[in-house]
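First comes the structure, then the notes that go with it.
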Ligand code: NI
């Protein structure tokens, strides 16, 4: 794999803000920060093609005392067992649970599962974090 150096022209104020940001984030160099931005853009783009393989985590917070909700969330996960690799359940306090569900499959299918879980009545908060299997990225 050949490394290519290239120049970027941009306003000094923009570069200053970028340098401040990457310092806060702890990047060792501008190059590594820009590589991450490029990879992120490529991963985001790959989600558009629905058949592309993706992995992700669905995080939900809900009240376990609502029995029907807990049952429904379990039913939904069984319905999609082929896409769900693993899940972790944390009892946050007397009432609330945090569940992190690891999914793998076509981006379209993962999005559908996440939408259904997050949209379930009683789920207080939910987020899908989609990422890549890393196969097509250096
Ligand atoms: Ni719990």
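Bear in mind these aren't lab numbers, they're just calculated from the coordinates by the rules spelled out. The structure displayed is predicted, hence computed values, not measured ones. Methodologically, a virtual Cβ is constructed for each residue, glycine included, from the backbone with ideal geometry; neighbour enumeration extends over all protein chains shown.
Sort 123, 100 by Cβ crowding within 10 Å, fewest neighbours at the top. Present the calculation step by step, with values, prior to reporting the outcome.
Working: 123 18, 100 14.
The most exposed by this proxy come first: 100, 123.
Sorting 25, 135, 111 on the 10 Å Cβ count, fewest up front, what's the list?
135, 25, 111
Using Cβ counts within 10 Å as a stand-in for footprinting exposure, how do 58, 118, 90 rank, fewest first?
90, 118, 58
In percent, what relative contact order does the chain have, based on Cα pairs under 8 Å that are 6 or more apart in sequence?
RCO, the chain: 31 percent.
I'd like the orientation of helix 67-79 relative to the chain: the angle between its Cα long axis and the longest Cα principal axis, in ° from 0 to 90, rounded to 10.
Helix 67-79 and the main axis of the chain meet at about 60 degrees.
What FRET efficiency, computed as 1/(1 + (r/R0)^6) with R0 = 22 Å and r the Cβ-Cβ distance, is obtained for residue 5 and residue 45, rounded to the nearest 0.05?
According to the calculation, E is roughly 0.35.
Build a GNM of the chain with springs between Cα atoms under 10 Å: which of 45, 11, 23 gets the top mean-square fluctuation?
In this elastic network of the chain, the residue with the biggest mean-square fluctuation among 45, 11, 23 is 11.
Using Cα pairs under 8 angstrom and six or more residues apart, how large is the relative contact order of region 44-102, in percent?
This gives 42 percent for region 44-102.
Grab the Cα-Cα distance for residue 64 and residue 85, subtract it from 0.36 nm times how many residues apart they are, and report the gain in nm with one decimal.
5.3 nm
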